[in-house]
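Here's the structure we're looking at; comments come further down.
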Amino acid sequence: MSILSSTLSSNYSPQPRSTQEHHRDLYISVDSNAASHSRAHRRQFLLFQMASTMLSLASASASASSLSMHDTLKGKVKIGSNSLSTGFVKTKSFGRVSMSVAANVSRFEGITMAPPDPILGVSEAFRADTNDMKLNLGVGAYRTEELQPYVLDVVKKAENLMLQRGENKEYLPIEGLAAFNKATAELLFGADNPLLKEQRVATVQGLSGTGSLRLAAALIERYFPGAKVLISSPTWGNHKNIFNDARVPWSEYRYYDPKTVGLDFEGMIADIKDAPEGSFILLHGCAHNPTGIDPTPDQWEKIADVIQEKNHIPFFDVAYQGFASGSLDTDAASVRLFAARGMELFVAQSYSKNLGLYAERIGAMNVVCSSADAAVRVKSQLKRLARPMYSNPPIHGAKIVANVVGDPTLFKEWKAEMEMMAGRIKNVRQKLFDSLSAKDKSGKDWSFILKQIGMFSFTGLNKAQSENMTNKWHVYLTKDGRISLAGLSLAKCEYLADAIIDSFHNVS
Ligand code: PGU
């Protein structure tokens with residue numbers, strides 16, 4: 001009785017409920033008349049048994065793949081051709097009593113299992129693999145030649161400085177740390193860029209690249225209703241999630257040409273031209289993810305021409321500044337070219353890769369406006385959007401960036417470390433190409449690997465071939481055939497070449 005009484009509530013009030021809510025609960029009727037107490041006991045017990053039976057059928061069906069959760073929620077449990085109702089069990093004139101069914105069926109039965117993330121899920125699968133030869137080339141995270149995570153020396157030095165100064169942990173303003181915002185805009189546009197003096201850039205600290213993109217997506221959704229974002233085909237997988245979640249419509253423009261394993265420049269220009277006037281064109285500032293193929297400076301000019309002609313708004317995602325070429329300035333050239341034309345543009349930045357601050361979630365959203373007045377208003381709205389989402393950003397990474405960039409010695413050391421990291425990636429790229437060329441007797445041209453830049457190589461392996469890499473060779477990569485060279489060592493290049501050659505030639 002105690003279990004029953006604790007799960008029964010006698011003051012059910014028939015408030016309007018959604019059909020789904022309605023079906024999530026089971027209602028059973030019990031006798032609330034005190035005079036027929038013992039009869040009511042027996043009836044409650046019987047009803048409880050009936051309910052339990054139905055519930056176990058419902059939960060059994062929920063786990064059986066032949067029946068959808070939707071069917072269960074609709075109150076139907078189908079067994080063979082029979083169908084049982086798990087709805088009301090009523091007896092006339094008795095008060096209805098709501099019964100909580102936590103013992104067998106969760107309120108979350110309607111929540112289906114989400115698929116693993118196509119990139120971060122690869123690391124989870126890698127961790128579960130016990131084979132000694134395993135290699136994680138899934139996530140774009142820099143490893144040393146010993147395949148260990150790397151904390152930059154300048155980061156350690158900046159953190160020591162912070163400890164010595166005994167800095168506090170009070171809330172930052174909504175827009176983030178002022179010293180960080182100044183440093184990040186200067187790194188991006190160049191410290192002497194006139195648009196900074198003219199105060200035409202609205203910069204707010206963001207939750208790394210992803211959070212900054214998401215904030216910008218919220219701004220588009222609110223102030224450009226119906227405007228479309230054009231993203232490259234292919235692109236970093238999370239772009240689609242970000243715009244979907246912000247309810248911003250998007251479509252793709254042609255980018256990668258599998259025939260030439262290069263840029264489909266004509267297709268890209270044609271698709272940008274075809275987009276409705278005033279669309280946002282998402283561009284990877286440098287080191288395009290996943291292809292590693294960037295437009296040439298000449299092509300960037302032509303892209304800017306079309307965007308200007310069509311009154312589109314360029315939206316740069318800069319996640320690899322300094323990491324592609326080893327130079328902060330070279331890697332910002334595309335953004336600076338557009339800014340120099342006096343265009344209004346969006347730029348999301350990330351310090352995950354170039355300062356190795358992955359888990360600190362430090363980045364920024366910059367909106368270049370045509371006037372200082374517009375920049376003040378845009379910034380105020382970015383803050384307004386940020387406040388209910390995360391209130392204000394974290395301080396630690398912002399202080400590291402501000403300290404590194406603000407100290408001439410540390411800044412110089414950072415540049416040297418970035419060159420070292422970019423250099424190591426270039427070395428493994430070369431060694432992988434050499435190993436493939438030496439081992440593959442088919443005459444296939446692997447030189448596209450050398451033409452790609454940045455952290456990744458887009459191998460051209462299809463899904464089945466990528467799966468062979470993992471299942472047979474314990475090499476973990478994303479299913480689009482992208483490998484992160486930042487997770488590869490010179491010592492593992494030959495093994496990887498064997499895996500690629502086998503997968504490419506022996507799996508269709
Ligand atoms: N934009 C691009 C083009 C990226 O490649 C990434 C990271 C980001 C933004 C966001 O990085 P934040 O860490 O939020 O600053 N892409 C990596 C990291 C793993 C992931 O998917 O988040 C990658 O492996 O593609």
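The values are calculated or read from the model by the stated rules, or taken from the named source; none is laboratory data. The structure displayed is predicted, hence computed values, not measured ones. All Cβ positions, glycine included, derive from the backbone under ideal geometry; neighbour counts span all protein chains shown.
Quick check: is even one residue across the stretch 285-300 part of a helix (DSSP H, G or I), within 16 Å of the ligand (Cβ to nearest atom) and among the β-branched types (Val, Ile, Thr)? Walk me through how you get there before you give the answer.
Residues of the stretch 285-300 that are part of a helix (DSSP H, G or I), as a first pass: 297-300.
Subsequent filtering for residues that are within 16 Å of the ligand (Cβ to nearest atom) retains none.
No, the stretch 285-300 contains no residue that is part of a helix (DSSP H, G or I), within 16 Å of the ligand (Cβ to nearest atom) and among the β-branched types (Val, Ile, Thr).
Let's see how each residue does on (1) assigned by TED's automatic domain parsing to the domain that holds Lys399; (2) surrounded by fewer than 18 Cβ atoms within 10 Å (Cβ to Cβ); (3) more than 16 Å from the ligand (Cβ to nearest atom):
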position	(1), (2), (3)
Glu186	yes, yes, yes
Phe189	yes, no, yes
Arg214	yes, no, no
Phe224	yes, yes, yes
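Do we find that Phe323 is within 15 Å of the ligand (Cβ to nearest atom), surrounded by 23 or more Cβ atoms within 10 Å (Cβ to Cβ) and over 17 Å from Leu213 (Cβ atoms) in this structure?
Values: within 15 Å of the ligand (Cβ to nearest atom): yes; surrounded by 23 or more Cβ atoms within 10 Å (Cβ to Cβ): yes; over 17 Å from Leu213 (Cβ atoms): yes.
Answer is yes for this residue.
Return yes when Phe280 is of a type in the set (A, V, I, L, M, F, W, C), in contact with a Lys or Arg (Cβ under 8 Å, 6 or more places away or on another chain), touching a residue at least 40 places away in the same chain (Cβ under 8 Å) and farther than 18 Å from Ile231 by Cβ and no when it is not.
On the way: of a type in the set (A, V, I, L, M, F, W, C): yes; in contact with a Lys or Arg (Cβ under 8 Å, 6 or more places away or on another chain): yes; touching a residue at least 40 places away in the same chain (Cβ under 8 Å): yes; farther than 18 Å from Ile231 by Cβ: no.
For Phe280, the condition - of a type in the set (A, V, I, L, M, F, W, C), in contact with a Lys or Arg (Cβ under 8 Å, 6 or more places away or on another chain), touching a residue at least 40 places away in the same chain (Cβ under 8 Å) and farther than 18 Å from Ile231 by Cβ - is not met.
Kindly provide the set of residues from the stretch 334-355 that are away from the ligand (no atom under 11 Å from the Cβ) and under 25 Å from the mean Cα position of the chain (by Cα), ordered by number. Give the derivation first.
We begin by selecting, within the stretch 334-355, every residue away from the ligand (no atom under 11 Å from the Cβ); these are 334-347.
Selection gives Ser334, Val335, Leu345, Phe346, Val347.
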(request) Mind telling me which of the residues Gln430, Gln452 ends up being away from the ligand (no atom under 16 Å from the Cβ) and either at pLDDT 95 or above or not acidic (Asp, Glu) (or both)? (result) Gln430
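Quickly run through the stretch 232-259 and pick out the residues that are among the basic types (Lys, Arg) and more than 14 Å from the ligand (Cβ to nearest atom). Give the steps one after another, and end with the answer.
Kept after step one, since they are among the basic types (Lys, Arg), are these residues of the stretch 232-259: 240, 247, 254, 259.
If the condition is that a residue be among the basic types (Lys, Arg) and more than 14 Å from the ligand (Cβ to nearest atom), then Arg247, Arg254, Lys259 are the ones that fit.
Going residue by residue through the stretch 159-166, is there one that turns out to be among the acidic types (Asp, Glu), over 20 Å from the mean Cα position of the chain (by Cα), away from the ligand (no atom under 15 Å from the Cβ) and not assigned by TED's automatic domain parsing to the domain that holds Lys240? Walk me through how you get there before you give the answer.
Taking the stretch 159-166 as the starting set, the residues that turn out to be among the acidic types (Asp, Glu) are 159.
Within this subset, residues satisfying the condition of being over 20 Å from the mean Cα position of the chain (by Cα) are 159.
If we keep only those that are away from the ligand (no atom under 15 Å from the Cβ) too, we end up with 159.
Those left that are additionally not assigned by TED's automatic domain parsing to the domain that holds Lys240: 159.
Yes, the stretch 159-166 contains a residue that is among the acidic types (Asp, Glu), over 20 Å from the mean Cα position of the chain (by Cα), away from the ligand (no atom under 15 Å from the Cβ) and not assigned by TED's automatic domain parsing to the domain that holds Lys240.
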(message) Tell me the residue from Gly190, Gly262 that is at pLDDT 95 or above and not aliphatic (A, V, I, L, M), please.
(response) Gly190
(request) Could you pull out the residue among Leu450, Leu461 that is of a type outside the set (Phe, Trp, Tyr) and closer than 26 Å to Gly326 by Cβ? (result) Leu450
(request) Quick one: in the stretch 356-368, of everything that is in a loop (DSSP other than H, G, I, E, B) and closer than 13 Å to Gly140 by Cα, which residue is farthest from the ligand (Cβ to nearest atom)? (result) Gly356
(request) Can you confirm whether the stretch 151-172 contains a residue that is surrounded by fewer than 20 Cβ atoms within 10 Å (Cβ to Cβ), among the small types (Gly, Ala, Ser), closer than 19 Å to Lys383 by Cβ and without any contact (Cβ under 8 Å) to a residue 12 or more places away in the chain? (result) no
(message) Considering only the stretch 402-425, I want to know if a residue exists there that is farther than 20 Å from Leu328 by Cβ and assigned to a helix (DSSP H, G or I).
(response) no
